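Please read the structure below before turning to the comments.
The values are calculated or read from the model by the stated rules, or taken from the named source; none is laboratory data. Computed from a predicted structure; not experimentally measured. When we count neighbours, we look across all protein chains shown, and the Cβ atoms used for this are built from the backbone with ideal geometry, even at glycine. To get the accessible areas, we keep the full protein, side chains included, count just its heavy atoms, and leave off ligands, DNA and RNA. Shrake-Rupley method; radii C 1.70, N 1.55, O 1.52, S 1.80 Å.
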Amino acid sequence: MTEAVTITRDGNIAVVTVDNPPVNALSFHVREPLLAALETLGGDASVAAIVLGCAGRTFVAGADITEFGKPMRKPELRDIIAVLETIQKPTVAAIHGTALGGGLELTLGCHFRVADVNARLGLPEVKLGLLPGGGGTIRLPRLVGPEMALKAIVSGTPMAAPEALSVGLVDAVFDGDLLSNAIGFARRKAAEGGSLVAVRDRSERIANADLARFDAEAAELARKARGLEAPLACAQSVRNAITLPFDEALAEERALFAKLVSGDQSRAQRHLFFAEREAAKVAGIGKEVKPRPIARIGIVGAGTMGGGIAMAFVNGAIPVTLLEMNREALDRGLAMIDKNYSISVARGSLTESAKAKRMAGLTATINYADLADCDLVIEAVFEDMSVKKEVFGKLDAVLKPDAILATNTSYLDVNEIAASVARPENLLGLHFFSPANVMKLLEIVRGEQTAPEVLATALALAKTIGKIPVVVGVCHGFVGNRMLSARSRDAEALLIEGALPEQIDKVFTDFGWPMGPFQMYDLAGLDIGWRNRKARGETAAIADALCEQGRFGQKSGKGFYLYEGGSRIPLPDPHVRTLIEAISAEREIERRPISAAEIIERTLYPMINEGTKILEEGIAARASDIDIVWVNGYGFPVGKGGPMFWAELEGFGKIVERLEHWHEQTAKDVFKPSRLLRRAAETGKLPANI
Ligand code: 3HC
Ligand code: NAI
């Protein structure tokens, strides 16, 4: 046997162990010896039962994703499962860590599954734009019923072992030494000598399936898929498990898998899987750079962001001291946090006792001295440089010397803030996204002087609270907001030349965004931009006119759209149309039809252009980091892999050509292609070294 698969014996029980760090993926060098081991043991009369388990931190976490998109080398997973299913002695999968994707499918080839109490089991292929291709959609319904299987496969969310036991996915859960318990289990099954029925031959859970109810649930899931093919293929395949004979359903699953794995959506989602892991790797921050221990977080400002950030930390069991400028503001902030948790309790996603525990993790104060024991303090006060500097001055005075200072600023110069404190090496930006307790993205802004250890601490902290960190450099708006601003720069001109907000937004939702730019402005509140423009002496004819009429967006029931009776559903408003048409007339612009292609060219192409400038300037280390920012912070459709991945599919040559066209037409800088974009147009790819 090779090192990746070993066989050991405990009396007449054979134990097959897969050892392929880090996650025991089913790479070719595992599949080949695993098949051989099972064939040998199946025919070995001295073996009464077989236990299949894994070394290291987890059971098999899936197929080897790096092998997708290349010709699959034999034996494939399904060949191994087919052999497992012919074995005439008890086969027992011993699951610890995570049994995911092909890993769980492998266990479905066994007669029995036993799990460690902390194990998690799931079929997350949908998150990679795939469906389980190793029989998961056909076998799982036979164990847990089609509706439960549909939910598990379309969501891709893993199940905890106790739940898996209660729904019939596993046969026993053990707290303690899994391997010896699994061996004991196998020995009992061998001694019982009962009949062994392969999962493929169990039909009782699918025989009486309510197809009408299944179809209704599948239709609801399809509605939510927003242009993604994989969830629909998952639902179709689970349906096949009910309506087709086993082998036919399996062949259909295979065909659906082959189609998805070679498609752009799955390529995009696989790109994002690896991009997310790459983003956590930062030049100069190796394993030798140790993060500082963080036992307590301080937060200054309990407004929209401060409150959300506080929740993000107490949710991750890190205690927080929350500081406001006065009692009233503090009480308001605490009341908002309490209300948010109460909504979760009412929805059933949080228990009263969990809420009480989280609220108990919060300490509220108006005295800076109470922050003295904090290891890291995040400032989330008004977006105003002088206010921020004043806050940091006070923090600098009370905090211990190695405590870290962080700003949640959206746009301000982190280096300027750092220059105002005595410990610039201990300062960085931690840019959370709203709502901060929900949104996964965290832009970690590295200042010129930020120490590697401070950066390592921020990266580790992000992981602890379940955020996806991307390290970015200092510039106006960092990666996300800077590109957002490029996306918006020509949007008003589109309206004045002939488009309407609902038309532009529809182009965005058809593209796969959860909402278009005008729905987003209404959600965020038009007054914020209006105030900023006034402060900078800038104007935006349409948005300014709306604000002058008290139309601030959703919060005032009207903005670019109308929101009737407190609803969040945006209704096109004839009044807004009249207003836009009046501005066109006033500027003597003859309105003309604006195509969907033009809308994309004048919003998304400038955004891509800005992304390449961000790369040229070294503000983002890699194009894939930009993709992670946009998918996790702004709702860029996952099936398109983020803006930079999508740009390559769209064609850099085409993007440059159309940007040049719009630059000629408008003379706006935002359309002037960057040097890097021109280079990418020559080869069709962004260069590896920028
Ligand atoms: N194939 C190849 N590499 C994988 C992998 C896989 N299935 N799963 C993880 N890795 C790699 C990661 O890229 C990472 O590599 P790096 O260190 O070089 O960056 C390394 O393993 C460790 O992964 P994580 O950093 O994600 O480790 P965590 O401990 O945080 O998480 C995990 C572990 C929960 C297993 C997580 O890695 C995960 O969710 N993996 C993917 C699971 C999955 O999607 N399985 C289904 C695959 S598709 C399939 O099985 C098709 C089948 O139906 C035919
Ligand atoms: P907010 O107005 O909701 O909250 C700011 C809070 O800071 C208020 O409660 C205020 O009382 C408090 N505050 C002001 N000065 C203070 C002081 N000197 N000491 C203590 N508390 C003080 O503002 P919001 O939206 O939470 O924004 C905060 C920061 O986060 C800003 O820098 C903003 O740019 C940034 N940000 C905002 C996002 C958003 O979507 N709202 C997203 C990401 C970052």
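The figures follow:
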| quantity | calculated |
| --- | --- |
| Crossing angle, helix 623-633 versus the chain [Cα axis fit, 0-90 degrees, rounded to tens] | 80 |
| Environment charge of D370, counting only residues whose C-beta is closer than 15 Å and scoring Lys/Arg +1, Asp/Glu -1 | +1 |
| Region 5-261: relative contact order in percent, alpha carbon pairs under 8 Å with at least 6 residues between | 19 |
| From phi via Karplus (6.51, -1.76, 1.60), per-residue ³J(HN,Hα) for region 301-308 in Hz, x at Gly/Pro | x, 10, x, 3, 7, x, x, x |
| Sequence ranges 131-144, 357-370, ranked by mean other-Cβ count within 10 angstrom, highest first | 131-144, 357-370 |
| Average Cα contact separation per residue, the chain, under 8 Å, 6 or more apart, as relative contact order % | 9 |
| Helix axis angle, 574-586 relative to the chain longest principal axis, alpha carbon, degrees | 50 |
| Apportionment of accessible area to carbon and sulfur, region 285-358, percent (1.4 Å) | 57 |
| ³J(HN,Hα), Karplus 6.51/-1.76/1.60, whole Hz, each residue of region 329-341, x for Gly, Pro | 5, 5, 4, 4, x, 5, 5, 5, 5, 4, 5, 4, 5 |
| Percent antiparallel among DSSP beta bridges (both partners in the chain, rounded to 5) | 30 |
| Amide H partners (placed H, <5 Å) of V471, local residues excluded | I444 |
| The chain - charge dipole about Cα centre, Lys and Arg +1 at Cβ, Asp and Glu -1, debye rounded to 20 | 580 |
| Cα convex hull of the chain - mean projected area over all directions, nm² | 33.3 |
| Dipole magnitude of region 297-475 about its Cα centre (Cβ charges: Lys, Arg +1; Asp, Glu -1), debye to nearest 20 | 720 |
| DSSP-defined antiparallel bridges as percent of all bridges, region 5-261, nearest 5 | 30 |
| Relative packing of 96-106, 27-37, which averages over residues the other C-beta atoms within 10 Å, highest first | 96-106, 27-37 |
| Positive-end extreme of charge dipole, the chain - chosen from L256, F433, A681 (charges on Cβ) | L256 |
| Of K290/K672; K151/K467; K467/K534; K224/K555; K400/K613; K281/K685, those spanning more than 32 Å from alpha-carbon to alpha-carbon | K290/K672; K467/K534; K400/K613 |
| 19 Å Cα-Cα reach of K558 towards lysines, excluding residues that sit fewer than 8 places from it in its own chain | K506 |
| Mean ellipticity per residue at 222 nm, deg cm²/dmol - from DSSP H runs of n ≥ 4 across the chain, formula -39500 (n - 2.57) | -15000 deg cm²/dmol |
| Straight-distance crosslink candidates among lysines, where the alpha carbon sits under 23 Å from K74 and sequence neighbours closer than 8 are dropped | K259 |
| Cut-off 15 Å between beta-carbons: net charge of the residues surrounding E352, Lys and Arg +1, Asp and Glu -1 | +4 |
| Listed residues T578, V5, L615: farthest to the positive end of the dipole of the chain (Cβ charges) | V5 |
| Antiparallel bridge percentage (DSSP; both residues within region 297-475; nearest 5) | 15 |
| Ranking by accessible area, most exposed first, for K388, K668, K555 with a 1.4 Å probe | K555, K668, K388 |
| Peptides 450-460, 281-291 ordered by average Cβ neighbours within 10 Å, highest first | 450-460, 281-291 |
| Qualifying aspartates and glutamates (Cα of each under 18 Å from Cα of K89; at least 8 residues distant if same chain) | D10, E39, D44, D171, E192, D201 |
| Neighbourhood charge, 11 Å Cβ-Cβ cut-off, centred on A380 and excluding it, Lys, Arg +1 and Asp, Glu -1 | -2 |
| Tilt relative to the chain, helix 264-279 - C-alpha long axis, 0 to 90 degrees, to 10 | 80 |
| Derived scalar couplings ³J(HN,Hα) [region 55-72; Karplus, 6.51 cos²θ - 1.76 cosθ + 1.60; whole Hz; x for Gly, Pro] | 8, x, 7, 7, 5, 3, 8, x, 4, 7, 5, 5, 7, 5, x, 10, x, 6 |
| In Å², nearest 10: area of D264 left accessible to a 1.4 Å probe | 80 |
